Every structure is written in structure tokens, then in C-alpha cells.
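Step one of this worksheet: look at the structure below.
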Amino acid sequence: MNLVERDIASVWHPFTQHSLWPADDPLVIDRAEGMRLYDSDGRGYLDGCSSLWVTVHGHAVPEINEAIRAQAQRLDHSTFLGLTHEPGIRVAEELLKIAPAGLSKVFFAGDGSSAAEAAIKIAYQAASQRGEDRPLYLHCAEGYHGDTLGAVSLGGVELFHATYRPLLIETRMVSSPGVLQPGETRAERARAVLAEMRALIEREGDRICAIVVEPLVQAAGGILTHDPEFLRGVRELCDTSGAAMLVDEVATGIGATGRWFAVEHAGVSPDLLVLGKRVTGGVLPLSAVLARDSVYEPFLGDAASARTFFHGHTYTANPLCCAAALANLELMHERGTVARAAEVGDRIGSGLRELAQFDGVAEIRRVGTMTGIEVRSVGERTGFEVCRAARRKGAIVRPLGDVVVLMPPLGIGNADLDELLGIVTESVQEVVR
Ligand SMILES: Cc1ncc(COP(=O)(O)O)c(C=O)c1O
């Protein structure tokens, strides 16, 4: 049996309909270097989705690989429960240097979902240990925070989340700040959703422990962008109601929007910030929750107080992941990668200007490098067909329904970026005539 046959025989893939998978011509990726992935026949593809929004400098970065190798020889793994190690301490210090003002403690997790899950529990427990009864969360339609049950509870993507509703914790959901009514501006939408939040807070604000948002871009909801004013409004509502502002920067954080964190565009600082994805440069899983002292302090007490955060994972703060993160963050500082990401974003904007006028395109939404090309449906899987055309032309991009998501590695050079934009433009025009 070849690899594809063996895959079909044994493997169950994430977010994949397996009755379609065999006929969808599965692609076996064999290796990766720079901005390209190579299949088992040696054919190269530009990594237009940065391997699901994680690759920063490209693949096979010598500095990151060498850091992992050196760390493996010194300390491969040791639990972070009741012990500590230098790579973990240093990553925490480095994250706090780039974090929005006021965040002062780092709690590590593995994937974005596991960090979101930790933050959700932290917000509730902090309130409870301050003596407040706040069992509710306020969140937005079209939000996505991962696939664990707490994260799903705060999600709002019907297709992904509706099935699990009977299992979920109680929340209050408002409309998406990124889905506009006909004729409405983004600023008007922001004000409308803030008004919905305000009404809920008037009724039960003292029972809400956190307002949870993806800042500036609801990514998995379809790259739905909103006005920064929305985040300033959420900050104000948190201040007046005593709820924590919990921002999920798993997709937006570590440079994707052209700033270290998306909240910087709005000039606000949250009480809890979740990050993941790009922090290791896209090489190993590491995520974290950053918290303010006001959130951390209610967890302090003597052993009998049971105020401990009884939460953690076997591989929390794995030293190899931490070494990769340190090497990545150092390279990002050295190379000015966040400023480069802003330039990449501008170039995407100008490179797609013509495509935005094309009849087959409903809208192009973008903040920094995070780009969604919403195409007009011409069949059951239009977004998928565009991505399939791009694959034939030598680029990997992924659809979210009829939104083709383009999110190249932050450090991509102009020649590769222009080639990628050309492939995506041609693919849309070919499929959506
Ligand atoms: C905003 C946001 N939060 C959480 C997650 C979940 O992260 P992970 O897939 O690493 O669990 C994602 C994943 O795309 C995300 O975009």
C-alpha cells in the first residue's frame, strides 16, 4: 500500500469529512524549507496559510532547530508541576516584555484550546475567590476559541459548535462585531454590539466573570474584522461591571496583525490574554495565559485555603517547546519581524486590490497579514475549489466555507509573496467566473 492508502486505512483527520477525503486526492507532505512545503513527489507549494497560522520565519530555520537540538541534549523534559527550569522562566520573562501593560504572570499550556480552557477557569475561580458569584461568560457570535468543551461553550460558529450545545456551560452571547447589516459601517456595528452587551450587563453584570473576545479579527469565523472602538468599549464595560476582559490572541498574537498583539491597535490592555500558535515560530506546540496581578492574587492563600489553580498538563512548559519559543522571539526582535508583518500586510492589500473589484469576490477583509477573500458561491464547495486550484498552481491555502484564508509566514519575502498573490488571484478568477 502507498502512503495515501495506508492513511485512508488507519487515520482520522481533524475537521475532515472522511467520506470525501479519499476522492479529494490527499496530499502527502514530505518536507518543508523556507516558504515552501514539498510533497512526496518533490513538488513545492508556497505555504500560504503558514501551516495553520503558525509559521513565522519559514520552515527549517537553522537557529530554531539548533536551539531545540541543544535543549534536547541538556534537558529534554521535566515536569513544571512543583519544579521549574530556565527555558520556562525565560519564555515567561520574554512574553511579559512584549505583552500589553499590566500583565504580570504567565501560565503555560500546550495548544490554543488548552490555554483558552485555562483562562476560562481562571476567570471564574478568581471571581469566586474574591467572594463573588459570577458563573456566566459574555461572548460573541462567530467567535472561536478552540475545541475543548469550555472553549466550545464560548464559541459561536454554528457549524462547529451547535452539536455540543447540550453539553456546554451557561453563557450569554451577543452578535458578532464583524458581521455587518446591509449598509452598516464597522463603527456602527461595534456600537450596536456594545449596546447589546450593555443591556445584558445591566440585567446580570454582577454574575458575569469575563467578557471574552477575539480582538480585531474573528479568525475561524471567517476573518471577520471589527472596529478597534469595539475593544475600547469592551474594556469600559469590564471596568464598570467588574468582569475580566479576556482576549484570545491565539490567532492574532505574536505579530500577525502587524503589532505584537491586536489589542495594541485599540490602545487597551486586557486582564487575561491567551496566546499560542506562532510563539515557537510554528515548530512545536506552546501556548500561554497572561494575567494581571488582580487576577492572580485571589489564588494566593495557605494550603488549607484550596485557592490553588488545580490545573495543568503533563507537558506544560516542555523545555524543547520553550527553547523553540526563545529562539523564535529572539529572531523576531533581531529581524524586526513584526514591522515586516505590517509591510507584508500592506503588500497583500495592494496586491489584491484588483481582485477585490472582481465580480466573483464579495469582500476582502484584512488586518495585517490576516486576510479573508470571501468569494461568491458557485457550487457546494466554492472556497474548497479555489484552494484546490491554488494547490495545482503551487500554493497551499485553506478555506473557511466560501472565505479563502490567506495568512503567509510573517517573514515572507516580496518575490514569494507576489507569486502567492498571483496564484490566489488566478485561482479565484478560474473557479468563480
Ligand atoms: C482565536 C483562536 N483561539 C483558539 C484556537 C485554538 O487553538 P488550537 O487549535 O491550537 O487549539 C484557535 C485556532 O485556530 C484560534 O484561532
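The values are calculated or read from the model by the stated rules, or taken from the named source; none is laboratory data. In this text the structure is predicted, and so the values were computed from the model without any measurement. Here the Cβ is made from the backbone with ideal geometry for all residues, glycine too, and neighbour counts use every protein chain on show. When the accessible area is computed, the model is the full protein with side chains, heavy atoms only, and any ligands, DNA or RNA have been set aside. Shrake-Rupley method; radii C 1.70, N 1.55, O 1.52, S 1.80 Å.
Details
- Here the extension length gained between Arg69 and Ile8 equals 18.6 nm, from 0.36 nm per residue of separation less the Cα-Cα distance.
- Nearest-0.05 FRET efficiency for Ala303 and Ser104, computed from C-beta distance (R0 30 Å): 0.80
- Förster radius 56 Å - calculated FRET efficiency between Val28 and Glu196 (Cβ-Cβ, nearest 0.05): 0.75
- Ranked by solvent-accessible area (1.4 Å probe, protein heavy atoms only, all chains present), the residues Glu236, Glu184 order from largest to smallest as Glu236, Glu184.
- Alpha-carbon centroids, the stretch 289-356 and the stretch 86-109: separation in whole Å: 8 Å
- Normalising the average separation of contacting C-alpha pairs (under 8 angstrom, six or more residues apart) by the number of residues puts the relative contact order of the stretch 75-335 at 28 percent.
- Here Val295 sits with roughly 10 square angstrom of accessible surface, probe radius 1.4 Å.
- The stretch 363-433 and the stretch 147-203: distance between their alpha carbon centers, rounded to Å: 27 Å
- Percent of alpha-carbon pairs separated by more than 20 Å within the stretch 59-117: 42 percent
- Largest accessible area first, the listed residues Asp402, Asp41 line up as Asp41, Asp402 when surface is computed with a 1.4 Å probe on the assembled protein chains.
- Accessible surface computed residue by residue for the chain, with neighbouring protein chains in place and a 1.4 Å probe, gives 44 Å² per residue.
- Taken over the stretch 75-335, the alpha-carbon convex hull comes to 130 cubic angstrom per residue.
- Hull-based mean projected area of the stretch 290-333, where the convex hull spans the alpha carbons, in square nanometres: 4.6 nm²
- The heavy atoms of Ser51 present about 50 square angstrom of accessible area, all protein chains included, probe 1.4 Å.
- Those trypsin sites (Lys or Arg not before Pro) in the stretch 304-389 that DSSP places in a loop and that have at most 10 other beta carbons within 10 Å: none
- Karplus-derived 3J(HN,Hα) values for the stretch 377-394, using 6.51 cos²θ - 1.76 cosθ + 1.60 with θ = phi - 60°, are 5, 10, x, 5, 10, 5, x, 4, 5, 5, 5, 5, 5, 4, 4, 4, 8, x Hz; glycine and proline are entered as x.
- Dipole orientation for the chain: of the candidates Gly345, Tyr38, Ile208, Ile208 has the Cα lying most toward the positive pole (charges on Cβ; Lys, Arg +1; Asp, Glu -1).
- If R0 equals 30 Å, the separation of the Cβ atoms of Glu343 and Ser377 corresponds to a calculated FRET efficiency of about 0.35.
- Protein accessible area in the stretch 75-335, 1.4 Å probe - carbon and sulfur %: 53 percent
- Only Lys, Arg, Asp and Glu carry charge here, each on its Cβ (+1 for the first two, -1 for the last two); on that basis the chain has a dipole of about 200 debye about its Cα centre.
- In sequence order, calculated HN-Hα J values of the stretch 260-277 (Karplus, 6.51, -1.76, 1.60; Hz; x Gly/Pro): 4, 9, 5, 4, 4, 4, 9, x, 10, 10, x, 8, 9, 10, 9, 9, x, 5
- Spatially close Lys pairs in the chain, defined by Cα atoms under 21 Å apart and a spacing of eight or more places or different chains, total 5.
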